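The next block holds one structure in the form of structure tokens; read it before the comments.
Computed from the coordinates by the stated procedures, all read-outs in this text should not be read as laboratory data. Keep in mind that this is a model prediction, so the values were computed, not measured. For neighbour counting, all protein chains shown are included, and Cβ atoms are generated from backbone atoms with ideal geometry for every residue, glycine included.
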Amino acid sequence: MSIPTLSPLFFSTSEDLLHHIKSLQIPRSVYICDNQTQEHCFAPFFSPAQQEVLVVHHGDEHKSFEYLEWICKQLLLQSCGKETVLMNLGGGMVTDLGGFAAAVYKRGLSYMNIPTTLIGMADAAYGGKTAINCAGVKNSVGVFHPPSQVLIWDGFLQTLPEDHLRSGWAEILKMLLLFDAKLFHECTDTLTNLNNPGRFLRKALELKERVVQQDPYEQHYRKMLNYGHSIGHAIESCSGYHMSHGQAICLGMQWENHISVKCGLMTAERCRYINGRLQLLFPEVKHQWELHSLMSALKNDKKNQRGALQMTLLRDVGMAEIAISVEESIVKEVCIQMGASGE
Ligand SMILES: NC(=O)c1ccc[n+]([C@@H]2O[C@H](COP(=O)([O-])OP(=O)(O)OC[C@H]3O[C@@H](n4cnc5c(N)ncnc54)[C@H](O)[C@@H]3O)[C@@H](O)[C@H]2O)c1
């Protein structure tokens, strides 16, 4: 069974994007934004007076059952039928939440993703994964439900704060680390023009598309893309979502590289090289972690098998291995080495 996924469409101006949406002649559309994308992306470009819009509060802690219920109730109150198309205009928080609402409302609506963050453009908007967080565990409730279209205009990035731009670059670097050694090196050499991701964004998406087409439901090959995410999600949850997703993933990749060394997969020299390059993206990290909280978040990771920790680890750039069972003691050792405290 395959997910029918149309390739993401790129637009060079906001007018082109709006013209495309208009040409689709959607019978009824409801935009989902958060309060920041409503202000910076919806109000200036989308003729707000003529559109139906639902605005949720920004922040990953609101990718929740409460907001899922709120969206569904609003759709019911406004008598939205199966013909309604949800237009998710925002970062990964909005596209994950709006995509999930589309999946479950009246057993499934069509939806489109219009990503406004670099993470959204490079990763979250495309691929059909939708989810909310539950009991502090990232993306623990969700389904595969692909958007009918992903519409990308990188002009939205002009108002995105720098830490969120860096966050998006972390996902681009992850794709390059997994598949393209030369481009990874080149990209980390030229990380200056942060809001102009250009060919690196297109390459990251092209690589993701290839993986998703091959394994849409993450039965095997797509697990590659979870590199950095076992530790990364634990770090993100334990920061109370105060750390950006990309920064957590960037740290997750570095910590997992240390785990890979301890598992005998990566050499210490390659770990130094890759981590040194990744640190260029977030040179300063000022966070404290409790070992106990990290370990309990990790134990709920979706990739685990029968309670045993499983990770995607890198041997080298372009050489990932999926479903590696990792001893808890190794993970604890690395967490402590990287600054986690307590038992
Ligand atoms: N479904 C997937 O495959 C997938 C992949 C990667 C990440 N994700 C999810 O994506 C989320 C992280 O993505 P994110 O960083 O885009 O988060 P986000 O949606 O929370 O956006 C980050 C912040 O930027 C603001 N913002 C968004 N666009 C803006 C703009 N153009 N101008 C000004 N401010 C803007 C938002 O309001 C928010 O405060 C996480 O929940 C993660 O789990 C999902």
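Taking the chain as a Gaussian network, Cα atoms linked when under 10 Å apart, which of 119, 330, 152 shows the biggest mean-square fluctuation?
Maximum fluctuation in the GNM of the chain, among the listed residues, is at 330.
State the antiparallel share, in %, of DSSP beta bridges confined to the stretch 8-158, rounding to the nearest 5.
The antiparallel fraction comes to roughly 20 percent.
Which residue fluctuates the most in the chain, going by a Gaussian network model with Cα springs under 10 Å, if the choices are 61, 236, 69?
Between 61, 236, 69, it is 69 that shows the largest mean-square fluctuation.
Output the antiparallel fraction of DSSP beta bridges having both residues in the chain, as a percent to the nearest 5.
35
For the stretch 200-267, what size does the Cα cloud have along each of its three principal axes, sorted from largest down, in whole Å?
Rounded to whole Å, the extents work out to 33, 32, 25 Å.
So which trypsin sites (Lys or Arg not before Pro) in the stretch 1-100 end up in coil per DSSP with only 16 or fewer other C-beta atoms within 10 Å?
Hits after loop and neighbour filter: 82.
Once you have the alpha carbon radius of gyration of the stretch 155-302, what is it after dividing by 2.2 N^0.38 Å, with N set to its residue count?
Dividing the Cα Rg of the stretch 155-302 by 2.2 N^0.38 Å gives 1.04.
Please identify, among 115, 27, 216, the residue showing maximal mean-square fluctuation in a Gaussian network model of the chain using a 10 angstrom Cα cutoff.
Maximum among the listed residues: 27.
In deg cm²/dmol, rounded to 500, what helix-only [θ] at 222 nm does the chain give when every DSSP H run of at least 4 residues adds -39500 (n - 2.57) and the total is split over its residues?
-13000 deg cm²/dmol
List the aspartates and glutamates whose Cα sits under 17 Å from the Cα of residue 299, skipping any in the same chain fewer than 8 residues away.
236, 256, 290, 327, 328, 333, 343
Over 18 Å between C-alpha atoms is what I'm after, so list which of 63/203; 223/332; 182/303; 129/208; 63/208; 63/138 land there.
63/203; 223/332; 182/303; 63/208
For the chain, just list the percent of Cα-Cα distances falling in each 20 Å bin from zero outward, please.
32, 58, 10, 0
Based on alpha-carbon atoms only, what is the radius of gyration of the stretch 53-129 relative to the globular estimate 2.2 N^0.38 Å?
My calculation over the Cα atoms of the stretch 53-129 gives 1.02.
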